[in-house]
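Asker: This is the structure I have questions about; it appears just below.
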Amino acid sequence: MNHRLHSYLFLMNARISSPCRPAVWLRRSLQWIAPGLVAIAAVAAELPIPDRPEKLTFAPLNYEPPDPRVSRVVLKAGPVAYVVPDRELPLVNIVVHVRVGEYVDPQGKEGLSGLAGHLLVRGGSASKSAEELEERLAFLAASLNSSVHESKGTISLNLLSKDLDEGLALLREALTAPRFQQDKLDLLRQQQLQAMKQRNDDSSDIEDREREALSYGEKFWLNRLDTQASIEAVTRDDLAAYHKRWFHPANFLVAASGDFDRDAMVAKLETLFTAWPFQGEAGPAVPADLEFAAPGLYIVDKDVNQGRVAVLLPGILRTSPDNYAIALMNMILGGGGFTSRIMNRVRSDEGLAYSAFSMFRGGVYYPTPFHAGFQSKSRTVAYATSIVLEEMKRIAQEPVGDEELETAKRAFIDNLPRRFTTKANVADAFIDEEFTGRFAKEPDFWKNYRTKIQAITKEDVLRVAKKYLDPKRVAVLVVGQKAEILKGNPEHPVDFPALLGGRVVDLPLRDPLTLKPLNVENK
Amino acid sequence: MSALTRLILCLRSAAFLASLSVGGLSGLAQQVPVTEHILSNGMKLLLVERHDEPTISGGWVAHVGSANERPGITGIAHLFEHMMFKGTPTLGTKDYPKDLEIIAAQEKLRDEMRREDDKVRAAFRRGEVADPMKPESKTARYRELETQFKGLIEEQRKILVKNEFDRVYTSGGGSMMNAFTSVDMTGYFITVPANKLELWLWMESERLLRPVFREFYAERDVVYEERRMRTESSPLGKFAESFEALFWESHPYGWPTLGTPSDISSISKADADAFFATYYAPQNITVILVGDFSTPEAVAMSKRYFERIPRGVNEVPPFIPLVNPQPAEKRMIAEADANPQVDIYWHTVPFRHKDSYPLTVLGQLLSTRTGRLYKKLVLGSAVATETEGGQYSRRWGGVFNITGEAREGHTPREVEEGIYGVLEDLKKEEVPAAELQKVKNNFAAGEYRRLSSNFPILRQVIQVEGLGDWREINEAGARIQAVTAADVRRVAETYFKKETRAVGTYTRKEGPATGANDDLAGLAPDQRPVMMKIASQIQSETSVEKLKQTLQAVEQRMSEGDAKRKVFMGLYRKRLQNRIAELQK
């Protein structure tokens, strides 16, 4: 709750920049060749220090991403496992991934996945009450957590390798015989109700919710949010039924990394999943029946002195052949932090925002939208939006610079090792490929990744910008002081509605407990 | 790095661990093999050689934070952190002499603009201007000057190479580039591929040797937007800022690291230049490298690049302020767009103080799902939905903080009283051995978990060195393990006193955004779980007929009982009606 004692001020907003910067979402290595540092240093010492960094020379860094096939094991008990030994520290990390998600929640019981996912571990197990289980885990300094999110469930175990067998027994029991204590359900429900009450407190939460509604439509499963009524409708029996229906080996994938012998771990995983006490159902496909909002300017009136803006366009699937060109186009437009155009204009040139970015990543199960965003004081919201739209137009009209494209490519290519920084990252990366079905179609995805990025040309970038950044389809969401925002700034007059085709839609705040539109006649 | 230290890091601990009692891991510390080198200009160099991944995480910490500022220029340490990315004579411009000319001309205009700002502030004090920050409040002369200033910016843009510092790193494979400022320190960091050590040395030594603070005023506006985002537009930001000031009083920790609004908009480039000369001198900086390099080579190369920077003429002035002993409890009673909650601060001790270790252990005894606060207040008396506590040792002072959110129907005051009850128990009786061991086991395991890769190790070294001594990274573990139950009891008695605390209570400010409130708030605490169970049954019922029958029964009994019961029955009826309406839709 209290963040100020441990929060520091950062140069840039890492949370915002991380999804779009490969810098952050790519992590580390398995096989690589140590560079000849000694040799470079010896040569460099004789030369004067140059005035420009381009004049420095570097030994090549030969890096190959790890091969998933080396770690992949199909367990006799069913699940596919990725097993990555790492003897550096006496720790073991095991994550069971489950093919289930919020999309299975029945109408009227929204929130069931979240409750069941959390309580799978936190609600106790057959032989141990929730309290006993917590105490034992705490004494072992082990963590055992479970959750079900949008399109995946996970149960993760992290502990000292000396305690592995005991940890696996606890994991097995959590997976096969959760207790779902009624008092824990009551407590969690109460905590969630109170969390719900905060839905209109922070303008960023309002923005997130309404942005999803515009991006996918209110009927899309992602936007069927839990309400007081829906979580109160969930009973202990529902949790037990949910568990038996989805939590069985045919829906599992496993990532194991850390301090163990590979074969020994495989044997332990076989035991973990053998002789499952019940049959379940295969998880259904993730629905993709979304509906993108009509173009226009959507405003939620909220009394804060900084408006939050999201510029949205219909998105793509990850399997789109345009994906690589889009990644580079977005990197140049707004995905590359300080090297991107939106950041340069909105932040560095004009000082209009602290965080300014764009994201455009292909969705795994359904198209995820293009999203450019920033936060600016009320009176400069319209001006800053006009700059973002201008940059979107420009990249769709003029070819990008050679140097810009090269920088964007290097950012993706040279940061590939960061995808695989720790062995746990390696196992996670492999599991993600397997879970989302890409491994089956493209087992050498990461091996070929750099070549595909390298092959993209300026023409490709221009083509995809033209194709996807269609100004006529733009929907802009603004959360902030409506009157002040529409007043604009006399020094940079902008007709905000006209910028978006003249259509202005007032979005009401929603009752935090029912999500029904609130009467805001007093505003 | 010595072979021995490397051996410690790589040590396979299976045999070692097997020898431990079932009790856990007491005393087992995983050392971070840091080597220290002092350069000729006084700069400190810390190296951690690690060949696990083909990267080097590099950073440096300037031993300056907002605590080193003074009123009038608060926020400068942080603004400065932003300015360090603006380039050098060769990075960021195509024409350095022209760039300097423009910067000088901009400063002249800004001096005059500052005088106009003074006039606006004076008018504000006389009540002639409602809000000095609004664009309409600017003087006519200010607008003229602003137009001229914009002309200079246009001119500068012609020769500017935008964010070139970042571009060089990005195209060189750098990632995670960022920097931070706190009350105590300013840190800069990035990860580069292992073959780019020299690029890192070039970039970092150049910006320390000859930084150019171009685009100063646009960046000042960026920082102001950061303030709006973090402090002014967030539900608790402005209250938190006020609470810090209340707690620390005249101590420099009392002003915000982001700076006060009037200071942020008045800081000049001349202020920044003076600040740099004092606090960014090499003798006030520690450089840290973690990753895939050879230590002797890295030392030689670091000397070559960083020893170009001359030692600062002025030594950093000593930090004088001590925290004023607090004579009485302080309270802030706030209404905010937030759930009811309480936030308590006690004055404690700074970094490396001998009592900081028992206080840290005490914080852990209180926190987590098996901690005392959770057991007593969330599971036991059920007055809170969440609560946690901990010791925060800063460089010049310390605070112990406990927070708690009130459960529906309970008040922050009840949570507060509950917290004091838990602390009184700790004063009365020593913590049982098993409970203490549990907490120590977690600290011991944490010694391993923190070593997963180069970047987190760098961040930890920056942190402890910035607080005053990198050795803490290897010494804290043993000090934590040495804490006894008697120590915990002693610090509880010493520090948790009424007169050394400040208490902030928050209640929800009712407004249009809070909703219909058709919920449990109106019920007595003992009625709520009953209603939740009933509500759950209602929601799972799909027969309208059955619901109507129940509704009829409820309505017949509406007039029975006392006021408390009537409220309950009213809600019961409403829930039934809602469900029927839902099914009939």
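Asker: Could you size up the charge dipole of segment B:50-306 around its Cα centre, putting +1 on the beta carbon of Lys and Arg and -1 on that of Asp and Glu, and report it in debye to the nearest 20?
Answerer: 500 debye
Asker: Quick one: net charge around B:Glu101, please, counting Lys, Arg +1 and Asp, Glu -1 for every other residue with C-beta under 14 Å from its C-beta.
Answerer: Local net charge: +1.
Asker: Let me ask you something else. Which value at 222 nm does chain B reach when only helices count, each DSSP H run of 4 or more adding -39,500 (n - 2.57), with the total divided by all residues and rounded to the nearest 500 deg cm²/dmol?
Answerer: Counting only the DSSP helices, I get -14500 deg cm²/dmol.
Asker: Per DSSP H run of n ≥ 4, the term is -39500 (n - 2.57); total these for chain A, divide by its residue number, and report the mean residue ellipticity at 222 nm rounded to 500 deg cm²/dmol.
Answerer: -11000 deg cm²/dmol
Asker: If you take every residue apart from A:Ser358 with its C-beta less than 11 Å away from the C-beta of A:Ser358, what net charge results, scoring Lys and Arg +1 and Asp and Glu -1? Write down the numbers at each step before the final one.
Answerer: Numbers: positive: A:Arg341, A:Arg361; negative: A:Glu391.
Within the 11 Å Cβ shell, the charges total +1.
Asker: Run the simple label-point estimate for A:Glu491 and A:Lys452 please: 7 Å along Cα→C-beta, distance reported in nm.
Answerer: About 4.6 nm separates the two model spin labels.
Asker: So, one more: Calculate the dipole size of chain B relative to its Cα centre from +1 charges on Lys and Arg beta carbons and -1 charges on Asp and Glu beta carbons; express the result in debye to the nearest 20.
Answerer: Dipole about the Cα centre, nearest 20: 860 debye.
Asker: Still on this structure, I have one more. Output ³J(HN,Hα) for segment B:189-200: one whole-Hz value per residue in order, computed from phi by the Karplus curve 6.51 cos²θ - 1.76 cosθ + 1.60 with θ = phi - 60°, and x for Gly and Pro.
Answerer: 7, 6, 10, 10, x, 4, 7, 10, 4, 5, 4, 4
Asker: Under a 5 Å amide H to amide H cut-off, with H placed in plane at 1.01 Å, what residues pair with A:Arg510 once short-range neighbours are removed?
Answerer: For A:Arg510, the qualifying residues are A:Leu518.
Asker: Farthest toward the dipole's positive end in chain B, which of B:His347, B:Ala122, B:Asn441, given Cβ charges of +1 (Lys, Arg) and -1 (Asp, Glu) about the Cα centre?
Answerer: Of B:His347, B:Ala122, B:Asn441, it is B:Asn441.
Asker: Which residues, if any, in segment A:55-91 have at least 40 Å² less accessible area in the whole protein complex than in the isolated chain, probe 1.4 Å?
Answerer: Residues meeting the cut-off: A:Leu56, A:Phe58, A:Leu61, A:Arg87, A:Glu88, A:Leu89, A:Pro90, A:Leu91.
Asker: Please list, ordered by chain and number, the residues whose modelled amide H lies under 5 Å from the amide H of B:Lys509; skip anything fewer than 5 residues away on the same chain.
Answerer: HN-HN under 5 Å from B:Lys509: B:Ala336, B:Asp337, B:Ala338.
Asker: Between chains B and A, what is the buried accessible area summed over both chains (1.4 Å probe, protein heavy atoms, nearest 100 Å²)?
Answerer: About 11300 Å² of accessible surface is lost on pairing.
Asker: List residues of segment A:186-220, by number, whose backbone nitrogen lies under 19 Å from a label position 7 Å along Cα→C-beta of A:Glu150.
Answerer: Flagged as within label range: A:204-220.
Asker: May I ask which residue of B:Pro317, B:Ala104, A:Ala455 lies farthest towards the positive end of the charge dipole of the protein assembly as shown, with charges of +1 (Lys, Arg) and -1 (Asp, Glu) on Cβ and the Cα centre as origin?
Answerer: Comparing the listed Cα positions along the dipole, A:Ala455 ranks first.
Asker: In whole Hz, what ³J(HN,Hα) sequence does segment A:299-315 give by Karplus (6.51, -1.76, 1.60; θ = phi - 60°), x for Gly and Pro?
Answerer: Along segment A:299-315, the couplings run 10, 9, 7, 9, 7, 9, 7, 10, x, 10, 10, 10, 9, 10, 9, x, x Hz.
Asker: Which distance in Å, rounded to a whole number, links the C-alpha centroids of segment A:431-471 and segment A:339-395?
Answerer: One Cα centre to the other: 22 Å.
Asker: Which links in B:Lys330/B:Lys428; A:Lys152/A:Lys409; A:Lys184/A:Lys423; B:Lys86/B:Lys269; A:Lys377/A:Lys472 stretch past 23 Å when you go from one Cα to the other?
Answerer: Numbers: B:Lys330/B:Lys428 25 Å; A:Lys152/A:Lys409 31 Å; A:Lys184/A:Lys423 34 Å; B:Lys86/B:Lys269 13 Å; A:Lys377/A:Lys472 26 Å.
Result: B:Lys330/B:Lys428; A:Lys152/A:Lys409; A:Lys184/A:Lys423; A:Lys377/A:Lys472 exceed 23 Å.
Asker: OK, next. Enumerate the calculated ³J(HN,Hα) couplings along segment B:109-121 in order (Karplus 6.51 cos²θ - 1.76 cosθ + 1.60, θ = phi - 60°), each rounded to whole Hz, writing x wherever the residue is Gly or Pro.
Answerer: 4, 5, 4, 5, 4, 4, 5, 5, 4, 4, 5, 5, 4
Asker: Right, next: Calculate, in whole percent, how much of the Cα-Cα pair population of segment A:68-273 lies beyond 20 Å.
Answerer: Tail of the P(r) past 20 Å holds 60 percent of the pairs.
Asker: So how far, in whole Å, is the C-alpha centre of segment B:90-162 from the one of segment A:278-294?
Answerer: If you average the Cα positions of each part, the centres end up 55 Å apart.
Asker: To continue, here is another question. So if we plug the beta-carbon distance of B:Val161 and B:Ala274 into 1/(1 + (r/R0)^6) with R0 = 30 Å, what FRET efficiency do we get, rounded to 0.05?
Answerer: 0.65
Asker: Let me ask another. Projecting each Cα onto the charge dipole of chain A (Lys/Arg +1, Asp/Glu -1 at the beta carbon, about the Cα centre), which of A:Ala429, A:Ile326, A:Ala240 comes out farthest on the positive side?
Answerer: A:Ile326
Asker: Please compute the per residue accessible area over the protein assembly as shown with all protein chains in place, 1.4 Å probe, rounded to a whole number of Å².
Answerer: Here the per-residue accessible area is 38 Å².
Asker: Next question. With a Förster radius of 41 Å, plug the Cβ-Cβ distance of B:Ala104 and B:Leu379 into 1/(1 + (r/R0)^6) and report the FRET value to the nearest 0.05.
Answerer: Working from the Cβ atoms, E equals 0.05.
Asker: Using amide H atoms built 1.01 Å from N in the peptide plane, name the residues 5+ places from A:Val505, or on other chains, whose amide H lies under 5 Å from its own.
Answerer: For A:Val505, the qualifying residues are A:Leu297, A:Tyr298, A:Ile299.
Asker: If you restrict to DSSP beta bridges whose two residues both lie in the protein assembly as shown, what percentage is antiparallel, to the nearest 5?
Answerer: Values: 96 of 127 bridges.
Antiparallel: roughly 75 percent of the beta bridges in the protein assembly as shown.
Asker: Could you check how much of the accessible area of the protein assembly as shown is carbon and sulfur, as a whole percent, using a 1.4 Å probe?
Answerer: Accessible surface attributable to carbon and sulfur in the protein assembly as shown totals 54 percent.
Asker: Next question. For a quick protection proxy, order the peptides A:236-245, A:407-416 by their average other-Cβ count within 10 Å, most packed first.
Answerer: Going by the mean number of other Cβ atoms within 10 Å, highest first, we get A:407-416, A:236-245.
The values are calculated or read from the model by the stated rules, or taken from the named source; none is laboratory data. Remember, predicted model here, so these are calculated numbers, not experimental data. Cβ coordinates were reconstructed from backbone atoms using ideal geometry, including for glycine residues, and neighbour counts include every protein chain displayed. Quick note on the areas: whole protein, heavy atoms, side chains included, nothing else; ligands and nucleic acids left out. Shrake-Rupley method; radii C 1.70, N 1.55, O 1.52, S 1.80 Å.
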